[in-house]
Structures are given as structure tokens and as C-alpha cells.
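Step one of this worksheet: look at the structure below.
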Amino acid sequence: MRGVTVQCLFYASLIFGIWTTLSYIYIYHNHVSNLETKTQEAELIWSLGKKLQQQITHGPQQIPRLHMRFEKPDEDETAGKLFFKLGKDFNYSNPEFIDGLLKYGFNTILSKSLGSDSEVPDTRDKMCLQKRYPAKLPTASVIICFHNEEFNALFRTLSSVGNLTPHYILEEIILVDDMSDFDDLKEKLDHHLEIFRGKIKVIRNKKREGLVRSRLIGASRASGDVLVFLDSHCEVNTAWLQPLLHAIAKDSKMVVCPLIDVIDYMTLEYQSSPVVRGAFNWRLDFKWDSVYSYEMDGPEGPTRPIRSPAMAGGIFAINRHYFNEIGQYDKGMDLWGAENLELSLRIWMCGGQLFIIPCSRVGHISKQRFSNQPELVKAMTYNNLRLVHVWLDEYKEQFFLQQPGLKSVPYGNISERVELRKRLGCKSFQWYLDNVFPELETSKGSL
């Protein structure tokens, strides 16, 4: 009997030992697998950080803004933690933050926390505060087009226009939805727009038209004296509209842009921009350019309107009849891109003027883009070629020196735009270089 008992105890101990060993192996294997997974997550997030940093470093030239700093996590730290360091010591590890950044190009977590209203600091020069404008000014139709915009950013745009624009000069807000997919831009948006009843027209495109044709659709429904085009992620500043309308009231062929302040895409802080003008290079890349000090001499000082060779594109004001007279936008252009430069050249070469009005300021979220988006690249190439073949004359060769592979790329039928140029009696591109933007020619062949 004792032998049987000893034998049972022996086998029980053996089974327990085997079970313990297997359990240890299982737990160890799981620990290693989890560690590898977390390490991969950390590497993925660090790769995203480097990609974002490259976008900031190598992206188009912009007005100076706050930059995001990246730190590679120590190996001993918890893997998978997102290391974004901002001026206010923000640390985000929420996947929602990354998703929003990739989807919309800015910090949507902060955007949601701000909601539909945010306080906009008055960034105008103190001399602007002394300016007085006539009680009777032209009325404005503010046109805002959007496609899959972040809800809160869009609504802050609308709220700022409604709150900071005197109603007697605001004829209407025309909101054009270019076939958005997101649910919150449908019934939810319609519900929130009730507060603008009587001042807002909502147009929903039946198919994707792109920015150019969407703006034309909005303009066709406008009844104000002046068309004011805004992007869907802006916040207007104090007394932003009066200086624009006053300039156009004095000269109906003057097209005017506000000074564009930066709303940082990470912190959403509203930052004052220096006085700059719009320019471009032979690749037709838009850029901001310094303003000569003598342009701000005289009694008006930093409030003096600045001649600008080009507009940034999204934000400007133009007399409605003059917009129609000079040919609106090129309807043959796709989506968006180059329409701002095409219109800028047409304004200057066909008898108009383009100015930046420093006493008018509008904040604009400096969105980041993290993919080439082949459809957009194709549209921008197509649009650039239409501009080149209609407006650059013999200087189109300077464009093709930069991008020789585009010489044989199709650009559609431009006969209507060529005829428009003849009908308007427009000057040559050489005249534009001599009288508006001589700095471009000095760098000819070296860009």
C-alpha cells in the first residue's frame, strides 16, 4: 500500500513539474510577443514622426509658424507612446489624434475641444485701429466651398464670419458642399445652420466638381456687390471685411486679399503674420515673398495696400460684375491648383490690379498633407499646363526647363481662354515681368 502511495506521489510531482514548465514557457512566449508588438508600434509611430517632420521641412514655403518637435523614445520607455512635444507640452498617444492628423491635416482633438467658437486675437497694426470707413459700403456675398471638411473647423469659419461681420454689409453666406461623404456634414450641419437662417444659402453638388467649378456655382447664386471667397478652415479677424470693400468701392477693377494669419495645425493657435506679398517661381509654385521697406514708407505706414504679383488662392474679394467681365475662373481646370495664379496673371495683364490689404486679416489653418494623392497631382499638372499655354507666351519654355517631361502632356481645349485674352486686350507676359514682377526674370533659368 505504501509503495502505491509513493508511486502516486511521484507521478503527481512529475505532472506538476511538467505543467509548471509548460506554463512558464507559455507566459514567456506571450511576454516576448507583446514586447515585439509594442516595439513595432513604437517604430511605426517614430516613422510617422519622421514623415511629418519631412513634410514640414521640405514642403512648400510658408509663412513662419510653430514647428512640431519629435523625440525618438528610449527603448526602456513604454512602447507605443506617441512623442509629440509642443510649446505647451502637449503629449498625445491617442490613436484618434493620428487618425485626425492624417485625415484632415490638423489636430482634430483640439478642434473638437474648441467647438464652434474660438477667441480670435486682434492682430492688426495699431494704425489700423485709427482708420474709419464710410457707412455706405458695397454688400458682400461670402462664398465658402468644402469637401469632407472637419465639422468644427467649418463651423468656426461660419461663426467667425457671422460674429465679426456687420450685418448691413453681409448680403449672404453661400455654402457649397462639393459632394462630401462624411455624415456630420449632412443632417447635423443642416441643424446647426439654423442659427444663420436668412443669411445663408446651402448648395449641395450632385457630383464632385472640384474647387474651381464649386466656386463658380456659388458665384452664380450670389447677389452681393462683391464676391468674397474663403476657405472652409478660416477664422476672420476684427473689422476684416470693411477694408476690402472700401478698396473695391474706390476702384472696381481692384482685386484685394487680406493678410493671411496662420492658425497652427498642431496647437490651433492664431498667430500674427508679417506683411508679405504673393509670388511664385518658374515651376509655378506659389510662395510668400518679402515686402520692400519703401512700400511701407509714408503716412500710411504698415497699413498701406501692397501690390502683389499673385494671390494665395483661397481668400480674396472681387467686384461681382468685374469677376464676370474678366472671365471668372477657367472652367476647364480640374479640382484645384493653379487657379489662383491664372486669375492673378489675368487680373494684372488685362487691366486690373491685385493688392494685399494689411488692415484686413484672416486666419487660416496651415493644413499638412501626408500623401501625394495622384488625382490631385494630375489635376495640378493639367491646370498648370493650361495656364502656361494661355498666359506665359515665349516664357513657357522657362516652365518646361524645370519640368521637361510635361511638354507632351495633354491639357484640354484652351481655345475659349485664348479668345478671352484677345477679347479683353490683355498685355504680354513680358509686360507683366517688366511692370509687376521683375524679380522673377532675374532668376530666369536658375530656379
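The values are calculated or read from the model by the stated rules, or taken from the named source; none is laboratory data. Keep in mind that what you see is a predicted model, and the values were worked out from it rather than measured. Methodologically, a virtual Cβ is constructed for each residue, glycine included, from the backbone with ideal geometry; neighbour enumeration extends over all protein chains shown.
Looking for whichever is over 17 Å from Y133 (Cα atoms) and at pLDDT 95 or above here; the options are A239, A219. Which one fits?
Numbers: A239 fails: over 17 Å from Y133 (Cα atoms).
Being over 17 Å from Y133 (Cα atoms) and at pLDDT 95 or above holds for just one of A239, A219, which is A219.
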*Identify, please: which residue in segment 141-181 is under 21 Å from the mean Cα position of the chain (by Cα) and aromatic (F, W, Y) and is, among those, surrounded by the fewest Cβ atoms within 10 Å (Cβ to Cβ)?*
F151
*Test R204 against the criterion of being closer than 30 Å to Y382 by Cα, in contact (Cβ under 8 Å) with a residue 40 or more places away in the chain and surrounded by fewer than 17 Cβ atoms within 10 Å (Cβ to Cβ), and give yes or no.*
no
_Count of residues meeting criterion [farther than 16 Å from L433 by Cα and not in a loop (DSSP other than H, G, I, E, B)] in segment 290-320_ = 14
*Complete set of residues in segment 287-311 that are within 18 Å of the chain's Cα centre (by Cα) and buried (at least 21 other Cβ atoms within 10 Å of the Cβ)*: A310, M311
_Looking at P138 and the list (1) modelled with pLDDT of 50 or more; (2) surrounded by 15 or more Cβ atoms within 10 Å (Cβ to Cβ); (3) not assigned by the TED database to the domain that holds D178, which single condition is not satisfied?_
(3)
_Count of segment 394-404 residues which are within 28 Å of the chain's Cα centre (by Cα) and part of a helix (DSSP H, G or I)_ = 5
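May I ask you to list the residues in segment 195-249 that are charged (D, E, K, R), assigned to a helix (DSSP H, G or I) and closer than 25 Å to D261 by Cβ? Can you show your working first?
Residues of segment 195-249 charged (D, E, K, R): 197, 199, 201, 204, 206-209, 213, 215, 221, 225, 231, 235.
Filter again for assigned to a helix (DSSP H, G or I), leaving 213, 215.
Listed by number, the list holds a single entry, R215.
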*Quick one: is R346 more than 17 Å from V226 (Cα to Cα), crowded, with 19+ Cβ neighbours inside 10 Å, basic (K, R) and touching a residue at least 40 places away in the same chain (Cβ under 8 Å)?*
yes
_Residue list for segment 261-280, restricted to those being within 29 Å of L440 (Cα to Cα), in a loop (DSSP other than H, G, I, E, B) and in contact with a helix residue (DSSP H, G or I) (Cβ under 9 Å, 6 or more places away or on another chain)_ = V275
_So, in segment 352-394, exactly how many residues are in contact with a Cys (Cβ under 8 Å, 6 or more places away or on another chain) and farther than 24 Å from D264 by Cβ?_
2
*Complete set of residues in segment 126-143 that are within 12 Å of A239 (Cα to Cα) and charged (D, E, K, R)*: K131, R132
_For segment 114-133: of the residues being touching a helix residue (DSSP H, G or I) at 6+ places or on another chain (Cβ under 7 Å), closer than 15 Å to T165 by Cα and not aromatic (F, W, Y), which is modelled with the lowest pLDDT?_
D117
